[in-house]
Amino acid sequence: MVVAVFGARGNVGRHVADGLLAAGEQVRAVSRTPAAGLTPGLDAVRADLDRPETLPAVLDGADKMFLYGMLNPQQPYDIEKVVATAAAAGIRQVVLLSSVSVVLDPDADHPVPLLNRTIERAIQRSGLDWTFLRPGTFATNTRTWWAESIRADNVVRLPYPSAQSAPVHEKDIAALAVTALTEPGHSHQTYTVYGAESLTLQRQVEHIGEAIDRHIRIEHVSDEQARAEVGRTMHPVVAEAIVSQWAAASGIPALTSTIVEKITGAPAHTYAQWTVGHADDFH
């Protein structure tokens, strides 16, 4: 059995590849720019979902694949060509990293739910065995949003410090993917994944401070300033959606879930654990 893992150098994909390898699977670690640093035993190969002509070679002989959905509105790929190529190569099963936005706003024309919904539907029509993972807020988003200002000024600029979310550790998403790819019972299943605890943005910043042993100042900013701040590292449309979500979540407990422990048998990681593991990112 060979599993092709797309995005094998990404936040989730690298843990999927390592988890499959640990489970005894043969893993083809697929990325646009394979590089040193991957776990020994992984077969690092180069391919690009934006270039379907690069896919037959990396899918040849594989029967399963881990695929990511829409990560950047500026970089959508042609899912119909990807699915057709996968089916022609003999792929039987696909686990897709999708988005909770597909569930929360099924009729939205915002690019994130729209593109992920398009990808899901194409896979459902393909005849392939499938499992969809729909995580909420990634814990790694807080690194994207705040690491630069913490390193430079020891500050996080927020419009709604009391907004709550339930960050999901990338290792938990990967563990769900590995389980779905290696154990029976996950065919045609969708798993909505939230973190196990609801935390205010202020408390998340405090956890980072505890992990790096520094007090991090929170500076209150306007929505417009926050959109500009988040927009430095994310697409403007995504930045606008994030700030709107914070506004709606101010003082309101976030949805949590126990799906990670239910499916994998191991408890989900806390955000505090995530900050300890990523402390170097904020120094």
Q | Cβ-placed point charges (K, R +1; D, E -1), dipole of the chain about Cα centre in debye, nearest 20 | A | 260 debye
Q) Hey, rough spin-label estimate for Ser187 and Thr39, points 7 angstrom out along Cα→Cβ, what's it come to in nanometres? A) 2.7 nm
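Under a 1.4 angstrom probe, counting protein chains only, how are Asp78, Asp60, Asp280 ranked by accessible area, largest first?
Result of the area sort, largest leading: Asp280, Asp60, Asp78.
Express the accessible area of the stretch 233-283 per residue in Å², computed with a 1.4 Å probe while the remaining protein chains stay in the model.
Values: 2770 Å² over 51 residues.
Normalised by residue count, the accessible surface of the stretch 233-283 is 54 Å².
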Q. Straight-line reach from Lys64: which lysines have Cα under 22 Å away, leaving out those fewer than 8 places along the same chain?
A. Lys81, Lys171
Q: Round to the nearest 10 and report in Å² the accessible area of Thr190, as given by a 1.4 Å probe over the protein chains' heavy atoms.
A: 60 Å²
Q.
As a test question: what accessible area, to the nearest 10 Å², does His188 have when a 1.4 Å probe is rolled over all protein chains in place?
A. 100 Å²
Q.
Cβ neighbours within 10 Å, averaged per peptide: list 178-184, 244-250, 8-14 in order, most packed at the top.
A. 8-14, 178-184, 244-250
Q | Dipole of the chain [Lys/Arg +1, Asp/Glu -1 at C-beta], most positive-end residue of Ala8, Val276, Gln204 | A | Ala8
Q | Sequence-separation-based contact order of the chain, relative, with Cα cut under 8 Å and 6+ spacing, percent | A | 18 percent
Q: Report the label-to-label distance for Met1 and Arg121 in nanometres (one decimal), using points 7 Å from each Cα along the Cα→Cβ vector.
A: 3.2 nm
Q. When the C-alpha atoms of the chain are aligned to their principal axes, what extent does each axis show, in angstrom, from largest down?
A. 54, 40, 35
Q: Might you tell me the accessible area per residue for the stretch 118-185, computed with a 1.4 Å probe and given in Å²?
A: 33 Å²
(Q) Compute and list, largest first, the equivalent-ellipsoid semi-axes of the stretch 118-202 from the alpha carbon gyration tensor, each √(5λ) rounded to a whole angstrom. (A) 33, 13, 12
**Q.** Radius 12 Å from Cβ of Ala122, net charge of other residues (Lys, Arg +1; Asp, Glu -1)
**A.** +1
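Is the shape of the stretch 21-161 best called rounded, prolate or oblate, per the rule: a/c under 1.5 gives rounded, else a/b larger than b/c gives prolate, else oblate, with a ≥ b ≥ c the square roots of the Cα gyration tensor eigenvalues?
Note, shape of the stretch 21-161 comes out oblate.
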**Q.** Reference-scaled alpha-carbon Rg (2.2 N^0.38 Å with N residues) for the stretch 190-245
**A.** 1.37
Q: Please report, as a whole percent, how much of the solvent-accessible surface of the chain comes from carbon and sulfur atoms (probe radius 1.4 Å).
A: 49 percent
Q: On each of the three principal axes of the Cα atoms of the stretch 214-275, give max minus min coordinate, whole Å, ordered largest first.
A: 43, 31, 25
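The values are calculated or read from the model by the stated rules, or taken from the named source; none is laboratory data. Here the structure is a predicted model, which means the values were calculated and not measured. All Cβ positions, even for glycine, are placed from backbone atoms using ideal geometry, and neighbour counts span all protein chains on display. Ligands, DNA and RNA are stripped out before the accessible areas are found, and what is left, the full protein with its side chains, is counted by its heavy atoms. Shrake-Rupley method; radii C 1.70, N 1.55, O 1.52, S 1.80 Å.
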